[in-house]
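Student: Can you keep this structure in mind? I'll have questions shortly.
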Amino acid sequence: MRHGMGLRLVVAVTAALFGAACLSDPGHAEGEKRLSSGQTVYVPAYQSIAISKKPRRLPLTTTLSIRNTDPERQITIVSVKYFAANGYLIKNLLEKPETMDPLAVMSFVPEEPKEKRDESETSFIVIWKAVGKEVSWPIIQTVMIGAAGQQGISFVCDGQVVRSANP
């Protein structure tokens, strides 16, 4: 019984820490309209998290979600690349650019890295551009979910703009 309570506490604390780390402050006022002609976005992801002091890890399924928030204009997803913790490219997830209609959603669930040695932290780089005029920034985030027995955990990490397209 005591072990189960400890596991629940570790999972809850870990979820709180990851949730705080992944919920970035994008540096804009609430309700402020953000427009761009394109961006390169870094999105953190996790394949597993520690659930005890022992070297025990909870495997996670990661979903990359890209949401076109513009109600009137399309965007083009130019590339989606998936990287290992050491920065090496694991896989290019998009064979060719894809156009997203207004308010459309695109999702990717990558396979686990083949080299599992300490690949608990991975990342994505998403490059998108506007089709025509500037558009509302898309929401680009990862959703991680996992379960062990009756304990479950889920959290979201927001993407961080690392480069904006020149107007």
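The values are calculated or read from the model by the stated rules, or taken from the named source; none is laboratory data. This structure is a prediction, so every number in the text was calculated from the model and none was measured. A quick note on method: Cβ atoms are made from the backbone with ideal geometry, for glycine too, and the neighbour counts reach across all protein chains shown.
Student: What pairs come out if I take residues in the stretch 91-112 that are under 13 Å from SER65 (Cα atoms) and pair them with residues that are in a strand (DSSP E or B) and among the basic types (Lys, Arg) whose C-beta lies under 9 Å away, six or more apart or interchain?
Tutor: Sorted first by the residue in the stretch 91-112, then by its partner, the pairs are LEU93/LYS81; MET100/ARG67; LEU103/ARG67; ALA104/ARG67; VAL105/ARG67; MET106/ARG67; PRO110/LYS91.
Student: Search the stretch 130-167 for residues being buried (at least 17 other Cβ atoms within 10 Å of the Cβ) and not hydrophobic (A, V, I, L, M, F, W, C), and hand back the single one that is farthest from GLU98 (Cα to Cα).
Tutor: If we take residues in the stretch 130-167 being buried (at least 17 other Cβ atoms within 10 Å of the Cβ) and not hydrophobic (A, V, I, L, M, F, W, C), then GLY146 is farthest from GLU98 (Cα to Cα).
Student: For SER120, indicate whether it is within 25 Å of PHE155 (Cα to Cα), at pLDDT below 95, among the small types (Gly, Ala, Ser) and under 15 Å from the mean Cα position of the chain (by Cα).
Tutor: Answer is yes for this residue.
Student: Based on this model, can you work out whether PRO59 counts as surrounded by fewer than 17 Cβ atoms within 10 Å (Cβ to Cβ) and at pLDDT below 70?
Tutor: no
Student: Please work out which one of (1) under 26 Å from ALA165 (Cβ atoms); (2) not in a strand (DSSP E or B) is the condition SER107 fails and give its number.
Tutor: The single condition SER107 does not satisfy is (2).
Student: With the requirement that a residue be over 15 Å from the mean Cα position of the chain (by Cα), of a type in the set (D, E, K, R) and in a strand (DSSP E or B), what does the stretch 54-90 give you?
Tutor: ARG57
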